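The values are calculated or read from the model by the stated rules, or taken from the named source; none is laboratory data. As the structure is a prediction and not an experimental result, all values here were calculated from the model. Because the Cβ atoms are built from the backbone with ideal geometry, glycine has one as well, and the counts that use them run over all protein chains shown. The accessibility values were calculated without ligands, DNA or RNA, using every heavy atom of the protein model including side chains. Shrake-Rupley method; radii C 1.70, N 1.55, O 1.52, S 1.80 Å.
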Amino acid sequence: MYYKFSGFAQRLVGATAAAAYNPQGLKPIVSTESPAPIFGTTSKLASDFPATDSYLVKNKVPDLQKIFQKTDGLPVHLKRGVPDRLLYRTTMALTIGGTIYCLVALYMASQPRQQK
């Protein structure tokens, strides 16, 4: 025997197998038609494209591995030179400036208001 929850009686009631496996009368919908295409153009096969490798670029990973694995005593976030140093120093300046701003705001908030 199969059971399902009755929303009307608020308890379990006897049911058929189909009703027990599809509660609340929900039935699985299986579409027999293929969906409509989203775009009006058809897909192109890979064999339709020219056989040139113009869209491929040189693999930069071996070059970057050489740069980052060099033992020159620099931390990894500064290995690529001037752009890394500029980004690092800007980040440090903003961090220190933000910390000072927060401390000044905390100091001003801790002072009592002056009576007029």
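Could you count how many Lys pairs in the range 51-116 have their Cα atoms under 20 Å apart, skipping same-chain pairs fewer than 8 positions apart? Numbers along the way, then the final one.
On the way: LYS58/LYS66; LYS60/LYS70; LYS60/LYS79; LYS66/LYS79; LYS70/LYS79.
Close lysine pairs found across the range 51-116: 5.
Of ILE67, ILE96, which has the most accessible area and how do the rest follow, probe 1.4 Å?
Numbers: ILE67 60, ILE96 100 Å².
The residues order as ILE96, ILE67, largest area first.
Using 7 Å Cα-to-Cβ label points, what is the LYS58/ASP84 separation (nm, one decimal)?
Placing both labels 7 Å beyond Cα along the Cβ direction yields 2.0 nm.
Between ALA15 and residues 5 or more places away or on another chain, which pairs have amide H atoms under 5 Å apart, with H built 1.01 Å from N, and which residues are they?
Hits under the 5 Å cutoff: TYR2, TYR3, LYS4.
All other residues with a Cβ under 14 Å from the Cβ of PHE68 taken together, and with Lys, Arg as +1 and Asp, Glu as -1, what is their net charge?
Working: positive: LYS60, LYS66, LYS70, LYS79, ARG80; negative: ASP63, ASP72, ASP84.
So the surrounding residues net to +2.
Given the whole protein assembly as supplied and a 1.4 Å probe, what does the accessible area of THR99 come to in Å², nearest 10?
Approximately 70 Å² of THR99 is accessible to the 1.4 Å probe.
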